[in-house]
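Presented below is the structure to which this report refers.
The values are calculated or read from the model by the stated rules, or taken from the named source; none is laboratory data. Note that the structure is a prediction, hence the values are computed from the model and not measured. Neighbour counts run over all protein chains shown; Cβ positions are idealised from the backbone, glycine included. Surface accessibility is based on the protein's heavy atoms, side chains included, excluding ligands, DNA and RNA. Shrake-Rupley method; radii C 1.70, N 1.55, O 1.52, S 1.80 Å.
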Amino acid sequence: MSEQPHVGLSLVNKAPMGMLITALIAVIANVLLELNIITLGYAVAGGVISAALLLAYWLGRGGLFFILGVSLPLVLVLFTPLASITALLNLVSGFFFGFCAALFIYKLVRAKF
């Protein structure tokens with residue numbers, strides 16, 4: 001019987017397309033509306049951390065990593081100032097860009113070993 005990849009790990013192959021789409025959304029939002037680099041930076045960092053936590057869960061390190069990984073977006077929404085629609089767009093697109101970037105890096109590292 002062959003091992004099936006975990007559902008979450010199947011997202012790794014879709015990460016490059018996710019990075020492209022979310023980067024495009026962030027660029028358009030920042031060019032057409034207003035630049036909010038601080039919110040974007042927090043969002044990207046949050047996405048990377050969330051992906052790392054969920055990767056740990058998907059690789060069998062324990063359920064606590066799942067809880068922390070899925071709770072991080074809520075923490076970002078609670079503690080990031082969202083004074084404009086651009087800030088919200090940056091938060092969402094930046095989070096998913098960071099998430100996809102971390103998955104893409106995982107894919108590259110896994111391919112080398």
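Fully extended, how many nm does the chain gain between residue 21 and residue 84 (0.36 nm per residue separation, minus their Cα-Cα distance)?
20.5 nm
I'd like the Karplus ³J(HN,Hα) series for segment 62-74: coefficients 6.51, -1.76, 1.60, θ = phi - 60°, whole numbers in Hz, and an x wherever there's a Gly or Pro.
x, x, 4, 5, 5, 4, 5, x, 7, 7, 4, x, 5
If you count, for each residue, the other Cβ atoms within 10 Å and average over each peptide, how do 64-72, 31-39 line up from highest to lowest?
Per-residue Cβ counts within 10 Å, averaged per peptide and sorted highest first, yield 64-72, 31-39.
Residues of the chain: accessible area per residue at 1.4 Å, in Å²?
64 Å²
Would you work out what percent of the accessible area of the chain, with all protein chains in place, is carbon or sulfur (probe 1.4 Å)?
On the chain, the fraction of accessible area on carbon and sulfur atoms equals 76 percent.
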